[in-house]
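Visitor: Just passing along the structure, written as structure tokens.
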Amino acid sequence: MLSFFTFAPSMAKIKRNKKWYKNLRSKYRLVIFNDQTFEDRLSLRLTRMNVFIFFFSISVLFMSLTFFVIAKTSIKTYIPGYPDIDDKRQLYSLNILADSLLQDIEMKNRYIESFKNIFDDNHFENDSIEVELADQRYDTITNKKSNNDSMLRAEFENQTMHNLYFNESGQLAGTNDASIRSFNFFTPTQGIITARFNIMENHFGIDIATPKNEAVKATLEGTVIFSGWTLETGNVIGLQHERNFISIYKHNSVLLKKEGDKVIAGEPIAISGQSGELTTGPHLHFELWENGTAVNPEEYILFN
């Protein structure tokens, strides 16, 4: 059986007139011994300062653990007076709802008050505003279109991908004196011409016999304005070039570009073939148009 002794001073006598804060460093011995055999089990040398620091540290540690448990767990909800975040959110929502209801009630009150004024033949508070508006004459206002406004409209309309009729300076393409002969045309494909340009027979282009799966190239730099399939001419692709020039390529087996794509001269745009009903073999039907009029491609392009 273990028993505890109280603190016993290690010094024989302590002066009574010694100040209390000097006694904090006085040494004491804590002895734990067996009550039956009086055998020492544990012996510690302590001071009042050490005991005070030990209990103070234990208190700080206990308070820290208590604060952590309350702050990080749901135990805080059981503490009276502790604020809940959900309650704050609900209170904020209720405040917004109350404010909205007050505004709605105020608007309805104004609406009802207006009806009362109408029935009682009373004057409105904003009669002066209506009189000022009635005095103004709007029939004399005229709309004037300035040059800057016209330029802004033209620039805005020219921002789309398929608007190909304006150059970089904002002028309409084809309005200058430059001729189609000033262009360096690229041969669309290599082959033998089997049918020439003939307006009288409604043949607005030339037929170039070429091996199947031969590359068809753009004759000029431009933008694809049509890329699709027709019953008579098969896979057709059309390009819009500068100054209102259009080139058309028909009877292709495969189209490599889609509408809106930008191409450069000599870039492959299709693969030759014999698609469509109006074909007798692998060839390319090539047309060249200037300002809506078909022209003879052989006058501007050198075919082998």
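Values quoted throughout were computed directly from the atomic coordinates according to the rules given, and no laboratory measurement underlies them. This is a predicted model, so every value here is computed, not measured.
Visitor: Once amide H atoms are placed 1.01 Å from N in the peptide plane, what residues at a sequence separation of 5 or more from THR47, or on another chain, have their amide H within under 5 Å of its amide H?
Guide: For THR47, the qualifying residues are TYR28.
Visitor: Given all pairs of different Cα atoms, what value in angstroms does the Kirkwood hydrodynamic radius of the stretch 180-299 take?
Guide: About 14.0 Å for the stretch 180-299.
Visitor: Could you tell me, in Å, what Rg and Dmax come out for the Cα atoms of the stretch 219-260?
Guide: For the stretch 219-260, the Cα-based Rg and Dmax read 10.1, 30 Å.
Visitor: List nothing, just return the count: lysine pairs in the stretch 180-299, 8 or more apart or interchain, with Cα separation under 18 Å.
Guide: Within the stretch 180-299, the lysine pair count is 6.
Visitor: Using θ = phi - 60° and the Karplus curve 6.51 cos²θ - 1.76 cosθ + 1.60, what whole-Hz ³J(HN,Hα) does each residue of the stretch 208-219 get, with Gly and Pro shown as x?
Guide: 10, 6, 9, x, 5, 6, 8, 5, 9, 10, 6, 6
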